[in-house]
Amino acid sequence: MTRLQQVLFKLDGQYLGHPYFVTGNALFNAIARRVDEQVARALNVSHGVFLPGEYGEYPLAASQDGYAGKLGQSLPEVEAYEDLFVFRDPAHRWLLDSRPRDAHNTHPLQVHGDRVAFDSTCWFGRPKKMRDHRRSVSWYLHCYVHAQPGDDDVLPVSTDVLNGVQVGGARNYEFGKLSVAETQVVDVEALDFSRLEAAQRSDESCWIELVTPFVLETEHPCGDAQSIPWWWGVDKSELRCRETRFVDGDETYAVTTVDHGQLVPYTGPNPVRTAVNGVYRVGTHSRFGFGELRVWPPGADRVPERVVDREGDAA
Amino acid sequence: MSDVSVSSDSVKSDVEPMVAVYRHDVHKARSRSHEHAEHELHGVRVNEPVPHGADADAALLSRPRGEPEQTVDAHESWYRLSLLTGQVVSTTEAVDDVNAALRELVECEDAETLHAAWVESSVPALFSESPYYPYTSLKFHTLLAAALLDNYRSGFEFDELFLAVTPRDAAREIVPHQTVLATPGFALHVTGEPDGRPAAQLGDVPARSFADTWARLPELPFDVDASRLWRVLDAQLRRVRSWSVALQYVEEFVAAFEPESNSQRRRGAAESRGGRRE
């Protein structure tokens, strides 16, 4: 009932699509044409988040700690709620300080006429003549799929189906080609939620990070307008909203969203329940990746140095 | 931040601190470390400490705490590596005489004139904050240090500061010392008084948090819905943690692609740009 299948793709060609992420809608359409109708109806697909395959160490909150080798090229084990998000933050704070982390984590750009594409590999090296001293960083894409309640037997989607899907523009020119690096099935209800359980017992309030945009208004016939959820401690004027396009077959629909990356105070009573719902996403269009949330317990911080520093001050 | 401010307060200096902050690190543009730097350039005192720990705090915005390690193989140099092109910047944007070009960045005794000169100059952007972190930018480190110092002198603590942006469609505004980046279309400021401008807090303590702060801005200074180039820039800025690296990236990206003139980008300017990084 509560399983999800994490999929790590390797980007095999250049990519010319949505620059923030590959939308769940694009991934859904790429996968749906390779499965039968019943499976397609059951599938819910998350947004795909880009990440570099590079040396890293586990984030502070993760269930494992320390040096992790090349972290972006395979899926870390998922034991705690926090492990679900190791690859879901575009800042990829797990990259090592001892290497040029910002250079590893910005997309290498390629210019085609007047269009800017992301390259699948970035080369680092000495001057060109010293060819043996070059090294490369390849790009990966992390997403997950789950099924509608009752249709759980469609998981896991087989690697054969997922291998070779294409996303973004210029697909006839081999752009946006993906191959499966790894997949794993996770039982969400069985995860360790102890940090959020502790927060639930304390008086301090949690924070919500909008991992993907939350849909407010849509022209799409399947969706209705939504207001900001009552358990967000903000009103709409405090949030950055934006208009985007949702493609369905030959039609595109205007969609107004609360932009991702923002933090809002959590004012609801049950952070654990909200956390689980946030993994499966909330709001209309949640099937296509919108409305993914992460709940942060009080005292935690997205920027690891701030937490280390606070502990250092206390000592 | 306390130990730096204590030691600097005891240093005798007759230079106004807001002037000294623009001169404190020019030794880096002459490829010298703090210890081996000369104390005078063009007849003015340089290499002086910055009060209130503003220099140390600005450094923490862009580099990790602790002993530096070389992060890029075979690049032990003060010349900056471009995050946009991967190339050493000095080879693509040569300046004939760096020493002469530094004159307008240190010589004047008026702090506001110095700030304006640093905001406009491309010379300090040829150099990094440290040979160990070659993607960082001396130009934006200095502007960040000046902005922090100016705010500290007005009585603000670090956790009361914001990254503020010129609201979209408003005239670009330069605030002396607090404007840390000015492109033809917009400006970014570090300030304790956002004055109604869209702003996001920097956090409790100085840390490499640019991506975090940027993603929380209530309004972006450019229209991401109007041009895919702006969206690409926005997406990249949500990835970069170092402040001076990020600000330098904005400056280079805007100059290379001119996203303001919509998708009619100046052709040829970026044709040779590739994913290769030195």
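The values are calculated or read from the model by the stated rules, or taken from the named source; none is laboratory data. Not measured: the values here are computed from a predicted model. Ideal geometry is used to build each Cβ from the backbone, glycine not excepted, and the neighbour counts take in all protein chains shown. Just the protein is used for accessible areas: all its heavy atoms, side chains included, with ligands, DNA and RNA removed. Shrake-Rupley method; radii C 1.70, N 1.55, O 1.52, S 1.80 Å.
Here are some notes:
- Flag if A:Tyr81 is away from every other protein chain (no Cβ under 14 Å), more than 20 Å from the chain's Cα centre (by Cα) and among the aromatic types (Phe, Trp, Tyr): no
So that you can scan it fast, the table gives a plain yes or no per residue for (1) closer than 23 Å to B:Val240 by Cα; (2) in contact with a strand residue (DSSP E or B) (Cβ under 8 Å, 6 or more places away or on another chain); (3) open to solvent by 10 Å² or more (accessible area, probe 1.4 Å); (4) more than 10 Å from chain A (Cβ to nearest Cβ):
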residue: B:Val46; (1), (2), (3), (4): no, yes, no, yes
residue: B:Pro51; (1), (2), (3), (4): no, no, yes, yes
residue: B:Pro64; (1), (2), (3), (4): yes, no, yes, no
residue: B:His75; (1), (2), (3), (4): yes, yes, yes, no
residue: B:Gly86; (1), (2), (3), (4): yes, yes, no, no
residue: B:Ala94; (1), (2), (3), (4): no, no, yes, yes
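- Residue list for the range B:215-226, restricted to those being touching a residue at least 24 places away in the same chain (Cβ under 8 Å) and surrounded by fewer than 19 Cβ atoms within 10 Å (Cβ to Cβ): B:Glu219, B:Asp223, B:Ala226
- Of all the residues in the range A:295-306, those that are at pLDDT 95 or above and either surrounded by fewer than 21 Cβ atoms within 10 Å (Cβ to Cβ) or assigned to a helix (DSSP H, G or I) (or both) number 0.
- Residues that are without any contact (Cβ under 8 Å) to a residue 40 or more places away in the chain and loosely packed, with under 13 Cβ neighbours inside 10 Å, drawn from the range B:96-109: B:Asp96, B:Asp97, B:Ala100
- Some residue of the range A:114-126 being under 30 Å from B:Glu69 (Cβ atoms), of a type in the set (Phe, Trp, Tyr), touching a Gly at 6+ places or on another chain (Cβ under 6 Å) and at pLDDT 95 or above: no
- Single residue of B:Val205, B:Val232 found to be buried (at least 21 other Cβ atoms within 10 Å of the Cβ), on the phi < 0 side of the Ramachandran plot, within 14 Å of another protein chain (Cβ to nearest Cβ) and over 19 Å from the mean Cα position of the chain (by Cα): B:Val232
- Flag if A:Ala199 is within 21 Å of A:Phe21 (Cα to Cα) and either part of a helix (DSSP H, G or I) or open to solvent by less than 60 Å² (accessible area, probe 1.4 Å) (or both): no
- For B:Arg241: the one exception among (1) facing chain A (nearest Cβ under 8 Å); (2) out of contact with any helix residue (DSSP H, G or I) (no Cβ under 6 Å at 6 or more places or on another chain); (3) free of Cβ contacts under 8 Å to residues at least 40 places away in the same chain; (4) open to solvent by less than 10 Å² (accessible area, probe 1.4 Å): (2)
- Screening the range B:1-105 for helices (runs of 4 or more DSSP H) wholly inside it with 1 or more residues that are modelled with pLDDT under 90 and not hydroxyl-bearing (Ser, Thr, Tyr) returns the ranges B:2-9, B:89-92.
- Residue count for the range B:151-192, restricted to those that are over 19 Å from B:Ala116 (Cβ atoms) and at pLDDT below 95: 4.
- Qualifying positions in the range A:231-258 - within 16 Å of A:Gly283 (Cα to Cα) and in contact (Cβ under 8 Å) with a residue 40 or more places away in the chain: A:Trp231, A:Phe246, A:Val255, A:Thr256, A:Thr257, A:Val258
- Qualifying residues in the range A:87-98 (those that are within 15 Å of the chain's Cα centre (by Cα) and open to solvent by 10 Å² or more (accessible area, probe 1.4 Å)) - the one nearest to the other protein chains (Cβ to nearest Cβ): A:Pro90
- Restricted to strands (runs of 3 or more DSSP E) entirely inside the range B:139-196, those with at least 3 residues that are over 12 Å from the mean Cα position of the chain (by Cα) are B:162-165.
- Residue count for the range A:26-66 satisfying the condition of being without any contact (Cβ under 8 Å) to a residue 24 or more places away in the chain, not basic (Lys, Arg) and not in a helix (DSSP H, G or I): 4.
- Residues of the range A:1-58 that are among the charged types (D, E, K, R), within 14 Å of chain B (Cβ to nearest Cβ) and open to solvent by 10 Å² or more (accessible area, probe 1.4 Å): A:Glu57 alone.
- Wholly within the range A:204-263, strands (runs of 3 or more DSSP E) carrying at least 2 residues that are within 19 Å of B:Arg231 (Cβ to Cβ) and touching a Pro at 6+ places or on another chain (Cβ under 9 Å): A:241-248, A:251-258
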